[in-house]
1. Given a Förster radius of 25 Å and the C-beta distance between B:V10 and B:L461 as r, what FRET efficiency does 1/(1 + (r/R0)^6) yield to the nearest 0.05?
2. Of B:K159/B:K394; B:K78/B:K250; A:K39/A:K283; B:K78/B:K220, which ones are farther than 22 Å apart at the Cα?
3. P(r) for region B:102-186, please, calculated from all Cα pair distances in 5 Å bins and given in %.
4. Nothing charged except the Cβ atoms of Lys and Arg (+1) and of Asp and Glu (-1): what's the magnitude of the dipole of the protein assembly as shown about its Cα centre? Round to the nearest 20 debye.
5. Please sort by residue number the chymotrypsin sites (Phe, Trp or Tyr not before Pro) in region C:126-198 whose DSSP state is loop and whose Cβ has at most 15 other Cβ atoms within 10 Å.
6. Sorting A:H187, B:H227, B:H308, C:H169 on the 10 Å Cβ count, fewest up front, what's the list?
7. Would you mind working out the magnitude of the charge dipole of region A:1-144 relative to its Cα centre, with +1 at each Lys and Arg C-beta and -1 at each Asp and Glu C-beta, to the nearest 20 Debye?
8. Give a quick list of trypsin sites (Lys or Arg not before Pro) in region B:7-72 that DSSP marks as loop, anything other than H, G, I, E or B, with at most 15 other Cβ atoms within 10 Å.
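Laboratory data are not the source of any read-out in this text; all were calculated from the coordinates shown. Remember, predicted model here, so these are calculated numbers, not experimental data. Positions of Cβ are backbone-derived with ideal geometry, glycine not excepted, and every protein chain shown enters the neighbour counts.
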Amino acid sequence: MAEIFWGVIWPVIVLAAATVAIVVPLLLAVAYLTYAERKIIAAMQLRQGPMFVGPYGLLQPIADGLKLFFKETVVPTRANKGVFVLAPMITFILALIGWAVIPFGDGLVLADINVGVLYLFAVSSLGVYGIVMAGWASNSRYAFLGALRSSAQMVSYEISMGLIIINVLMTAGSLNLSEIVRAQAEHGWYALWHFPMFMIFLVSIIAETNRLPFDLPEDEASLVTGYNVEYSSMTFALFFLGEYANMILMSAIATILFLGGWLPPLEMAPFTWIPGPVWFFLKVAAVLFVYIWARATLPRYRYDQLMRLGWKVFLPLSLAWIVLTSAVLVFLDLAP
Amino acid sequence: MTGLVVGPAVPEAFLFLVATLLLGVGAFLPERRAAEVMTPVAVIVLLVTAMLVMAVGPGRAFAFGGHFVHDGFAAFLKVVALVVAAGAVLVAPGWFADERTARFEYPILALFSALGMLMMVSANSLLALYMAVELHSLPLYVMAAIKRDSLRASEAGLKYFVLGALASGLLLYGASLVYGFTGTLMFDELARAHAGAGAAPLPLGALVGLIFLVAGFAFKLAAVPFHMWTPDVYEGAPTPVVAFVAAAPKLAAVGLALRVLHEPFGAFADEWRQVIVLVALGSMILGAFAAIGQTNLKRLMAYSTIGHVGYAFVGLAAGTATGVQGVLVYMAIYAVMTLGTFACILMMRRQGRYVEAIDDLAGLSRTDPLMALALALLMFSLAGIPPLAGFFAKLYVFLAAVEAGLVWLAVVGVLTSVVGAFYYLRIVKLMYFDEPAEAFDRLRRPELQLVAAASAAFVALFLLWPTPLLSAAEAAARVLVGS
Amino acid sequence: MTAALFVFYLLAFVTVAAAVMVIAARNPVHAVLFLILAFFNSAGLLILVGAELVGMLLIVVYVGAVAVLFLFVVMMLDINFVQLREGFLQYLPVGALVGLVLLVELIMVLGTRVVPTTAAAMPRAAPEGVTNAEALGRLLYTDYFYLFQAAGVVLLVAIVGAITLTLRHRPDARRQDIAAQVRRRPQDTLEVRKVRPRSGI
């Protein structure tokens, strides 16, 4: 009996606890990311942002969440009910399961698998499904158009993202995320070595998460918010949470691949006093700030411009960089 | 296996690199200019590749860890296929310019297809075989549909694609069965494992796989019972594309079939012979009888192809060195004849529109005696009338069959040739004894005249100087069948 | 061991059930979604035997890219599938026959090859001490380099073919020319004129 407990049940309990320990702070982070977004944009536009719920509007996200929880969920009559309800769940779950392989610090990771990068890539490539299913199941033109736009966009930018990641993999010589961070302790941050790729990666993750200035799937002006027009209350909240959780996930990926994960910027006294996970969160926050900054300052792209940027600029650039990287690695005999 | 040996595959590497380079060049040139420049460049590239093949020499050599083999047999087929392909590319641009579908991608696709053909005859493993077949046929589908505003051409392209994909599926299924039962992909290991006295017999499943492989080859070669796509594709696709499809790829596919049947499965000739005999019989009979009622010249050529593939399979059924030699000679002569005929068909333009009905040829001897002469020679040769090249082609194949004890098959072959002669001769009769129809436009297309004249001269004068082709084919056949 | 066995049966069962639903589902979009589910569980099976790289690639390539395009096409079809399915049953005998033949052949394949029963005798997904990616790369870039390269050429031809058949340069479409936009200077297009009140230009 004890054997079964220690062999099977106990690991499951540990796993569940670890999962909860990741998911709950994550949801809180999502809630306060919306607050931060509103505050930062307000500051950039010389406004105050939310101020009334709680001190400095600090309870605003909680209030918003509660409101969404208690509203009635409306399912359109002609909608395909099963898929309609499934779609937001998929979006939300996919945004959560990616965190399983993210190392917050040295050894601080739920599942340290060998193909971590591919796992993340697979998870992010599945993100399309939630949106496409939502668009189709809503049985509405706007929603469907938004879904089509978003899937074309995500598939396009995934390609350049994949190629950029290959550069990092070649330099680090591993598909394991923790190994990639450790390699950066040796080589220096890859944001320096692969600076152009880092820039392209930042733009690509914005496009991949359908955020401004690439938020054509939910373009209010032409699509009345696109794929989630028909969604209300909790189902909408799941989309919303999924989108923001995805932003944080993508920022975490950028941090691990390019900004040295949990590593301090310099291996010297004042920096090493701060523990790794804190550095990790600071870096994620910095990337998130870029997201919000872009949203506040840039106008929306036109669709053909978006596609041109992905296929005609990023794709050839990242391909050329792969050739360059591999050539340098081979000829200078640096390949790991 | 150690290291990458590329040496024997230099012609293929050259062709690939140049084709890729041309693709880049074509994309940056202005559209019309690119289409004009690309054809002569592609022809030169094909001929240079043929020279490179000859430079590699006839010795047997392997490359890429044994997946690629180059030997005298491959060299023979490669050179002939490249020259014929160059001819087919050469005749294309006039037609495309007239039909306003000139695209620079066409010659480049032809280059890639030629690359696939070279890889087909050099394939030395089941996977290399499959890859090469895909590479040679994918450009052909695109070429068939390249006139995309025409409903018939698109239909032809789609039909070709769907049925070709089915054929690839058959090939792949056969290959996987063979692999599953024998546990190896390589041809030489297959041959070693099951050849010689006391070796293990071929498992039943591998035999089934072999049948699937043969079915795939038959599909690519338009042999009965997998011929149904041929007439529609020939009729619907643009004429220059048909000229390409009908000649060089058939050489490559026959080469592949010969290699697969003789090298890895050479010890099982008795098993596969029955299938080949059936295919040969069906193709010869259908090719002879179904062509009789045709009124469209391209459709007629489709049935002609089916029939000729049947004759080639007679030589294949013999399973001997003479049989292989016969097949090689047959296919080389067939390819030249077909190319010449299509060059003539490309000259059939009346008041700015291309015509392809047989009746349009009426009285050609009076309006254009030279073209009539060339076409008549080609038709006589296709029918197998002595002393033209087509006669010798049939002769070698039938002789090989008789030697191998397949007398009855040779007799059926002769009988169907007699039936087939009827429709070829009908064309000659139309040209020489019927009231002239309106004359064709005077085309200023020296390349068409060159190809038509060269192939007509080849079939007419083959008798005088047959040794180079025959001895080359014999040497090639020796490589494959040994002694 | 029992846990792995349980996971195996779960994944295998869902794979088969989803595959059945692919052909049984009335709604074609549901069929594609079940296909995706089947892909997913097959990837799970691959990971279970230790072929993690192939499993992930299955998801990235098939689920992330190929099935999305399937879904695209199927969603935009406006076909009455109930009508399409009429007379479906008349093909059943032929289909059943083909299926039976394939089944017999598969059994024959398995019959001649000895299936190892102990775990030690099973072929390994990767040699000891080498990651999946490395093991695969070593094979792909040495023994199978030729085929790998040939596959690349086939894909290149597919791209060229697709572009050849679909790209149209419509003369009336106005395309963005970024170089021209950047090259434009104010003095090329702007003209500053003094306009006196009530006189017009």
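1. Once the sixth-power term is evaluated, E becomes 0.15.
2. From the list (B:K159/B:K394; B:K78/B:K250; A:K39/A:K283; B:K78/B:K220), the Cα-Cα distance tops 22 Å for B:K159/B:K394.
3. Final binned percentages: 3, 15, 19, 20, 17, 11, 7, 4, 2, 1.
4. 2700 debye
5. C:Y141
6. Ranked by crowding around the Cβ, least crowded first: C:H169, A:H187, B:H227, B:H308.
7. 780 debye
8. B:R60
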